[in-house]
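The values are calculated or read from the model by the stated rules, or taken from the named source; none is laboratory data. These numbers were taken from a predicted model, which means no experiment stands behind them. Here the Cβ positions follow ideal geometry from the backbone for every residue, glycine too, while neighbour counts run over all protein chains shown. In case anyone asks, the SASA skips ligands and DNA or RNA and just uses the protein heavy atoms, side chains included. Shrake-Rupley method; radii C 1.70, N 1.55, O 1.52, S 1.80 Å.
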Amino acid sequence: MNQVLYLSNIDSLRDHIAYVPQDNFLFSDSIEHNINFGLESGTEETARMGAIFAGVDDDVRGFNKGYQTVSGERGVTLSGGQKQRISIARAYVKNAPILILDDSVSAVDTKTEETILHNITNERKGKTTLVVASRIQQFHS
Amino acid sequence: MNDDNEKLFGDKKIPFKVMMKRIGHYVIPEWKAFAFAFFLILLNVGGDILLPLIIKQFVDSIAVTKEAPIIMTSLSTILGISFGWLALSILSQTFIYFESMILQKAGQRIVYKLRMEVFTHIENMSQNQFNMMPVGSLVTRVANYTTSMSDLFTNVLVMLLRNILTIIGVYIIMFILSWQLSLILMAFVAVVFVASFIFRNIVTKLFRKERQYTSDMNTFLNENLSGMKIIQIFNQQKRKENEFNVKNKQLRNTKFKVLMAFAVYRPFITFVYFSALAVTFFVGIKLNFTPGIIVAFYNYLNRFFNPVQNIADQINQIQKAASSSERLFNLLDVPPEVLDKPNPIVMDHFEGRIEFKNVWFAYEKDEWILKDVSFVIEPRQTVAFVGATGAGKTTILSLIVRNFSIQKGQILLDGVDINDIEIHSLRKAVGQMLQDVFLFTGTIRNNITLHDDEYSDEEINKVCEYVNADKFINKLDNGLDTEVLEKGENFSQGQRQLLSFARTVLHKPQILILDEATANIDTETEKLIQDSLEKIKNIGTMLVVAHRLSTIQNADQIIVLNKGEVIEKGTHQSLLRQKGYYHKLYLLQFKND
Ligand SMILES: Nc1ncnc2c1ncn2[C@@H]1O[C@H](COP(=O)(O)OP(=O)(O)OP(=O)(O)O)[C@@H](O)[C@H]1O
Ligand SMILES: [Mg+2]
């Protein structure tokens, strides 16, 4: 690891890490573009993949404009949990070798949290995922 | 609603007459200043016009012979002319001094009032309205538009007035001096007017674009500076740079075009001016003018072409100010969606009984978020809202303090419709601890008291201890006086939430709202919080949203929501017996614990 840090500059290091911060900043842009933020070229398909991973696909499709819904400055028009999961989807879509979740499922109900943790174990096999959690219970799964 | 949206974005046209009336509203209180300034301008312009006449007198008093100039008048006359010249100049400049002081001050008073009015107006807009406006564009309105509007009164109108008066005055004198020459010069005036008209048309369009692009850029900057963390984490600096570059280029290119227009227009006018001079000399000699008259014409032409050239500029500024005022008035015209009724009921004490009666609510038309929600919460009860994310829990809580207005049904507090209660007294009685804690820049103390000086340190410390925030505050070198950075960046989420607890409890609410506030706090801190919440519960009615069932088992009532509908109601035990949705949630969580 030391060597990696030594060899890489910050940019290429960041290319290898996807990160879900504690506060979920979204751009006032469509949900599709928000999820595809880390990609060179994303489509509604890639956005949906991320959304399914984060368990927010049903919510988004429930909106009148679906993935084209514009989230408003700082994502004001979404509920706390929806915002958080879109932020998870955004990190997942980047498909980086390392995924860090910093207390990222705190605003999500138990059922959805379950889905996400389940998806992490299944879909990120062979890649590193770091979960920072305030509650011990999250580690059980 | 659509009409209001148009106003929000400032695109609604306001008729000229209405506009004048509204601008008048700001000018009339300052009428004395304006009248006095107007008087001074008259004097100033008068002096300015008379100066060349003195020069004429002087020149004509010198006769030129082959040997040497012979002065035909007495020394005393020459002295008189010189002093007259000096006195008139001093007077004229003194008038300018007073006039600009008076006007600038009046202008500043107007901007001050306008900024205050716009800010207060923005403060009173509902959350819904606020969410539609990008912050960057609001900043532009409060900061820039108010200034450009007041420029109208202080600089533009005055200069325009001065210029018009000068043009008329100068032309009259030229006409008296030689009507033939003045008529010939009319042709040049016509050329200048046509050129100015064309120029104005081009530049108006450019200025409108420039303003649009500036506002775009502010909005872009505001959002992307706030989201810089995300941009860096996702390594998107290049892309954002490109996006910024597009906006930057647009602005630069527009500025280039403006420069270009001026660069052609100004020299052209100067060329016309020089041509007029040439004609003046020619005609002057042909018509046997005295040297004094030729010199006077030379002076007057300068005084004539300068204002003509500036008028086009000023008309532009007037248009700029007009469109700024339009956008400002548009914003001021949006009625706040949530307003006090004419004689609102001021409640200084609430028992804390809350009732939702068949409440329907949608953020956007026909997209119902709450569907026929009904429930009753008795005074001093603790009630928990449970449901999947997006079910409408936060929405319900924000309706109680009237952040939004409901479309159908009724919300009652102590049996009174909340629409009849004075908003201030309503919000004062309800303490909210929200999903995202917002901290202001300032000190911890200011964030807890919200700048209310009536609280002593002792009280603040007591409250901090009560909510268990004292532990981390005491560890800080400066304690309560520790600086809080923008949005509380220098505190952890858990700490921020503890501060918001302290803030709420200090203001002694009768109804408490707790939205997810325990979500980001570690297991140990949560125990402390739980402990203090047990105490807070006794303060009054308490509404809690929490995803963790353990936090809500002790609630007097649990309301289970699904997709905006109440599907179950009851105590923990009774809901478990029902074996419904809540039961399922419980099993899921139980498995994890
Ligand atoms: N300002 C808004 N404009 C438009 N829609 C909104 C707005 N705020 C919330 N919504 C929508 O209303 C629904 C309910 O949101 P709400 O915030 O009440 O959910 P919640 O139950 O608090 O969820 P969570 O547990 O995730 O916080 C969501 O579908 C959300 O997208
Ligand atoms: Mg919520």
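Here are the numbers for this structure:
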quantity	calculated
Accessible carbon and sulfur surface of the range A:10-132 relative to its total accessible area, %, 1.4 Å	52 percent
Under the span-like rule (Cα at least 18 Å along the axis, Kyte-Doolittle mean at least 1.0), DSSP H helices of chain B	B:31-60, B:157-177
Computed E for A:Asn64/B:Ile14 - FRET, C-beta separation, R0 35 angstrom, nearest 0.05	0.60
Computed over chain B, Kirkwood Rh from alpha-carbon pairs, angstrom	30.4 Å
Reciprocal of mean inverse Cα separation for the range B:2-333 (Kirkwood radius, Å)	23.7 Å
Accessible area in square angstrom per residue, the range A:10-132, 1.4 angstrom probe	41 Å²
Contour excess over end-to-end distance, with Cα ends at B:Gln93 and B:Lys365 and 0.36 nm allotted per residue	91.7 nm
Proximal charge balance of B:Met174 [Cβ under 12 Å; K/R count +1, D/E count -1]	+2
The range B:128-178, accessible surface, carbon-and-sulfur percent (1.4 angstrom probe)	78 percent
Over 30 Å [Cα-Cα, the range B:354-590], rounded percent	28 percent
Proximal lysines relative to B:Lys471, as straight alpha-carbon distance under 26 Å, when same-chain residues fewer than 8 apart are discounted	B:Lys462, B:Lys487, B:Lys508, B:Lys527, B:Lys535, B:Lys537
For A:Asp102, solvent-accessible area (1.4 Å; no DNA, RNA or ligand), Å²	30 Å²
Alpha carbon centroid spacing (whole Å) that separates the range B:425-469 from the range B:170-226	55 Å
Within the accessible area of the range B:354-590 (1.4 Å probe), percent carbon and sulfur	48 percent
Accessible-area ranking of B:Glu534, A:Glu113, largest first, probe 1.4 Å	B:Glu534, A:Glu113
Cβ neighbours within 10 Å from other chains - mean over B:385-396	5
Extended-chain gain in nm, criterion 0.36 nm per residue less alpha-carbon gap, B:Gln530 and B:Ile62	158.3 nm
Accessible-area value, B:Met228, 1.4 Å probe, nucleic acids and ligands omitted, Å²	70 Å²
Estimated buried accessible area (total), pair A and B, 1.4 Å, Å² to nearest 100	3900 Å²
Separation between Cα centres of the range B:560-576 and the range B:292-323, rounded to whole Å	77 Å
Residue-averaged [θ]222 nm for chain B, counting only DSSP H segments that reach four residues, each worth -39500 (n - 2.57)	-21000 deg cm²/dmol
For B:Met433, distant residues with modelled amide H under 5 Å away	B:Ile513, B:Leu514, B:Asp515
Simple spin-label estimate for A:Lys125 and B:Lys255 in nanometres, 7 Å along Cα-Cβ	5.8 nm
Rounded to the nearest 10 Å², the accessible area of B:Trp368 at probe 1.4 Å	80 Å²
Estimated FRET transfer efficiency when R0 is 56 angstrom, pair B:Asn554-B:Asn248 (beta carbons, to 0.05)	0.45
Segment B:Glu241-B:Trp31, extension gain: residue separation times 0.36 nm, minus the distance between their alpha carbons	70.7 nm
Shielded by partner chains, the range B:210-254 residues - at least 50 Å² of accessible area, 1.4 Å probe, vs chain alone	B:Glu223, B:Ile230, B:Ile233, B:Phe234, B:Asn235, B:Arg239
Over 29 Å (Cα to Cα) - which of B:Lys393/B:Lys428; B:Lys13/B:Lys428; A:Lys83/B:Lys13; B:Lys113/B:Lys341 fall in this group	B:Lys13/B:Lys428; A:Lys83/B:Lys13
Burial order of peptide ranges B:288-301, A:85-98, B:106-119 (average beta-carbon count within 10 Å, highest first)	A:85-98, B:288-301, B:106-119
3J(HN,Hα) from dihedral phi, the range B:414-428, Karplus parametrisation 6.51/-1.76/1.60, rounded to Hz, x for glycine, proline	6, x, 9, 4, 5, 5, 8, 8, 4, 4, 4, 5, 5, 5, 5
Amide hydrogen neighbours beyond the local backbone of B:Ile421, cut-off 5 Å, H modeled	B:Ile345
Under-5 Å amide H pairs with B:Thr443, H placed in peptide plane, nonlocal only	B:Val484
Per residue accessible area in Å² of chain B, where ligands, DNA and RNA are left out and the probe is 1.4 Å	50 Å²
